[in-house]
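Peer 1: Input: one structure, supplied below.
The values are calculated or read from the model by the stated rules, or taken from the named source; none is laboratory data. Because the structure is predicted, anything quoted here is derived from the model rather than measured. Heads up, the Cβs are rebuilt from the backbone with ideal geometry, glycines too, and the neighbour counts pull from every protein chain shown. Calculation scope for accessible area: heavy atoms of the full protein, side chains included, ligands and nucleic acids excluded. Shrake-Rupley method; radii C 1.70, N 1.55, O 1.52, S 1.80 Å.
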Amino acid sequence: MMSIQLMIFTSLVIVVLSSPEPEELKALTPVYGPQPKYEKIEIPHCAKNTTKAWCLEDSEYPQYEIQQALERHYQAGLLDLYKDVLAKTASSVDGLDKLSDEVYLCPSTTGYVQPLRAINVNGKWRTIVNRVESYGIKYTQTARVEECNVVVGTTCSLVPSCYQSKCVQKTVFHRFLVYDANDYTFPFSLEKFRLPGSCGCVVGAFHSL
């Protein structure tokens, strides 16, 4: 009888000594990282028919919704935003639609565009307020774009062959007033966009023929 009680006591001691403490239980608890966020990237229908980072025409452009939002928020600072983007954007060319005669060292195509949608500097497609009228104000936003007509790295056509030269596509930053249908408080904001600004020529060192 004494030996049986000794065996039971010994077993209890072993169980108690081998049982993990609360801190040890925490250490054994599996640690999971933060839950991944899956952001829905919406690509407009107009982007399927172009390789450019903007759309000049869009059959699904929410013109009516933008017009209604413009009227609702007319006195909530919207007009100030629109005036700001026209006044402080260095490349703003509002009201211009003609090109002057210019000579280019690299062949290029230049034009003035009024995009309805475009990809911002964060890589997201945004809806731009353009060609919409509200309270007698026609909201238009124009940007000058110039795209190289040659493969980047091609020798500049008007530079003597005794100089190293190559054509490069340069970009400029442009601000646009955008509309966000998911923002019910104030669906307008100013965002930055990168557009082709010029087809430049980089001239290097002189070398003998």
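Peer 1: Quick check: anything in region 192-206 under 30 Å from Y64 (Cβ atoms), surrounded by 14 or more Cβ atoms within 10 Å (Cβ to Cβ) and not aliphatic (A, V, I, L, M)?
Peer 2: Yes: region 192-206 contains one or more residues that are under 30 Å from Y64 (Cβ atoms), surrounded by 14 or more Cβ atoms within 10 Å (Cβ to Cβ) and not aliphatic (A, V, I, L, M).
Peer 1: Which of the residues spanning region 168-189 are open to solvent by less than 50 Å² (accessible area, probe 1.4 Å) and within 19 Å of R144 (Cα to Cα)?
Peer 2: V168, H174, F176, L177, V178 - these are the residues of region 168-189 that are open to solvent by less than 50 Å² (accessible area, probe 1.4 Å) and within 19 Å of R144 (Cα to Cα).
Peer 1: Now for a separate question. Find all pairs meeting these conditions: Cβ atoms under 9 angstrom apart; at least six residues apart or on different chains; first residue within region 145-169 and in contact (Cβ under 8 Å) with a residue 40 or more places away in the chain; second residue of a type in the set (F, W, Y) and surrounded by 16 or more Cβ atoms within 10 Å (Cβ to Cβ).
Peer 2: What qualifies is V145/W54; E146/Y104; S157/Y104; L158/Y104.
Peer 1: Only one of R131, R144 is out of contact with any helix residue (DSSP H, G or I) (no Cβ under 8 Å at 6 or more places or on another chain), open to solvent by 40 Å² or more (accessible area, probe 1.4 Å) and closer than 29 Å to Q67 by Cα. Can you tell me which?
Peer 2: R144
Peer 1: Within region 91-108, does at least one residue satisfy the condition of being open to solvent by less than 60 Å² (accessible area, probe 1.4 Å), modelled with pLDDT of 90 or more and outside any loop (DSSP other than H, G, I, E, B)?
Peer 2: Checked region 91-108: at least one residue is open to solvent by less than 60 Å² (accessible area, probe 1.4 Å), modelled with pLDDT of 90 or more and outside any loop (DSSP other than H, G, I, E, B).
Peer 1: Of the conditions (1) out of contact with any Ser or Thr (no Cβ under 7 Å at 6 or more places or on another chain); (2) free of Cβ contacts under 8 Å to residues at least 24 places away in the same chain; (3) farther than 30 Å from A47 by Cα, Y135 clears all except one; give me its number.
Peer 2: Of the numbered conditions (1) out of contact with any Ser or Thr (no Cβ under 7 Å at 6 or more places or on another chain); (2) free of Cβ contacts under 8 Å to residues at least 24 places away in the same chain; (3) farther than 30 Å from A47 by Cα, the odd one out for Y135 is (2).
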